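This report concerns only the one structure given below.
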């Protein structure tokens, strides 16, 4: 009878150990998942701030370069796509499209020295530069949180618990590899 009770005590100890470890893994996954969601919210907030600045920037440039309607339309469409993007990949692609359209808008402004000295334009450009920095920082923070979360969810033994709790790997906020390439300068 004593051996039976000892074996039963060992089984209960193991069972409580596994349950305790499972609870610990679950709490870790909840914490990391919440961190990923928070970081995505920071990206969304920065992207929305950027999108809110764009109409003012476009209107300021329009005052000097009204005949550049194609670029204004492209910026408006890219902004609309960004605001309606749902998944992280859609947001990344829409962000790249908007960056390209803004680049063309800013290239137009180079042709207008009086625009570049306009106080409203200068203020908007400063705001936009600060927002671009916030987006970059938020994207880096998001990807760091996704990395930690994915290591927990994909690693062993976390992967066993992740499946049981319904947790799946998160997507990184990726930049198109072509956009990372250093442009070729040919003088």
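We did not get these values from a lab; they are worked out from the coordinates using the rules stated. Just so we're clear, the structure is a prediction, and the values are computed from it rather than from any experiment. So basically every Cβ, Gly included, is an ideal-geometry build from the backbone, and we count neighbours across all protein chains shown.
Numbers below:
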| item | result |
| --- | --- |
| Degrees separating the helix 119-154 axis from the principal Cα axis of the chain, which is the longest one | 20 degrees |
| Cβ-based exposure ranking for 54, 19, 122, 108, in which fewest neighbours within 10 Å come first | 19, 122, 108, 54 |
| Rounded tilt (10° steps) of 88-109 against the dominant C-alpha axis of the chain | 20 degrees |
| Relative contact order of the chain, defined on C-alpha pairs under 8 angstrom at six or more residues apart (%) | 31 percent |
| Calculated FRET value between residue 89 and residue 137, using beta carbons and R₀ = 22 Å, to 0.05 | 0.60 |
| Of (1) 10.5; (2) 16.2; (3) 14.6, the label for mean projected area of the Cα convex hull in nm² derived from the coordinates | (3) |
| C-alpha long axis of helix 69-84 to longest principal axis of the chain, angle in ° | 20 degrees |
| Projected label distance in nm at residue 144 and residue 122, using a 7 Å step from Cα toward the beta-carbon | 3.5 nm |
| Inter-centroid distance (Cα atoms) of segment 23-99 relative to segment 133-176, Å | 20 Å |
| Amide N proximity, segment 100-115 versus residue 77 label position 7 Å along Cα-to-Cβ, cut-off under 16 Å | 100-105 |
